[in-house]
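Let me begin by presenting the structure, written as structure tokens, before commenting on it.
A short reminder: the numbers here are calculations on the coordinates, not readings from a lab. Here the structure is a predicted model, which means the values were calculated and not measured. Cβ coordinates were reconstructed from backbone atoms using ideal geometry, including for glycine residues, and neighbour counts include every protein chain displayed.
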Amino acid sequence: MKFYADVHRTKKNSERYRITYTTDGTTFKHVDSFGEIPAKPGDRLFMDTLPPQHMDGAIELLRRGVEVYYLRRLTLIEKVRRENKLPKSAKRDIKALMSFEERWFRRVTEDFLVLRRMILAHRSLLRTHQQLLNKYRALSDVEREVLKPAISSIEK
């Protein structure tokens, strides 16, 4: 069975994500985690995007035997929305996902998701390191001593 899911931010809390999914394009359900989707081994889940907050749920689905795919280019959904002059909504985005060929989706593995999470953490540390170095250069000698331990711990 094919599941199609749209991952979107909630209106009240822009840091939380909500998942709307369907199998037939007419009945839509909402969940907070991919692990709550009732997919069984052999099922396939096609989604628009996979935020880092939901990687654990996607890994759980993969361990259950569900094939997980995400859209290679999000601009495709925007293009369909523009062509049909439709406002943005989770249901319309899912219907757009259902219209795409499978070649526009990328299959993910558990190794890929773990590696992606590590890369995101590394990039975050690099940005923090660069910010601290920039602040370090702007401070006086006395104030620099306060930042030295933080910079060295990030470098480790």
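Sparsely packed loop sites in region 90-134 (the GluC sites (Glu not before Pro) outside DSSP H, G, I, E and B with at most 12 other Cβ atoms within 10 Å) comprise Glu101.
The GluC sites (Glu not before Pro) of region 5-78 meeting both criteria, a DSSP state outside H, G, I, E and B (loop) and at most 12 other C-beta atoms within 10 angstrom of the site's C-beta, are Glu15. Among [x] 39, 19, 14; [y] 39, 28, 14; [z] 26, 20, 15, which one is semi-axes √(5λ) of the Cα gyration tensor in Å computed from these coordinates? Correct label is [x].
Helical content alone sets the calculated 222 nm signal of the chain at -15000 deg cm²/dmol, taking -39,500 (n - 2.57) per DSSP H segment of four or more residues and averaging over every residue. Listed from fewest to most Cβ neighbours within 10 Å, the set Asp56, Asp93, Asp48 follows the order Asp56, Asp48, Asp93. When DSSP beta bridges are limited to those with both residues in the chain, what percentage is antiparallel, rounded to the nearest 5? Approximately 60 percent, going by the DSSP bridge assignments. Our summary gives the chain a relative contact order of 19 percent, counting only alpha carbon pairs under 8 angstrom and 6 or more residues apart. Near Glu78: Cβ cut-off under 10 Å, other residues only, Lys/Arg at +1 and Asp/Glu at -1. The net charge is +3.
The count of lysine pairs in region 2-108 with alpha-carbon distances below 15 Å, taking only pairs 8 or more places apart or on different chains, stands at 9.
Length available on full extension from Ser152 to Asn134: 0.36 nm per residue minus the Cα-Cα distance, which gives 5.1 nm. Partners of Lys148 within straight-line reach, counting lysines whose Cα lies under 16 Å from its Cα and excluding those fewer than 8 residues away in the same chain: Lys135, Lys156. To the nearest ten degrees, helix 141-155 and the longest principal axis of the Cα atoms of the chain are 40 degrees apart.
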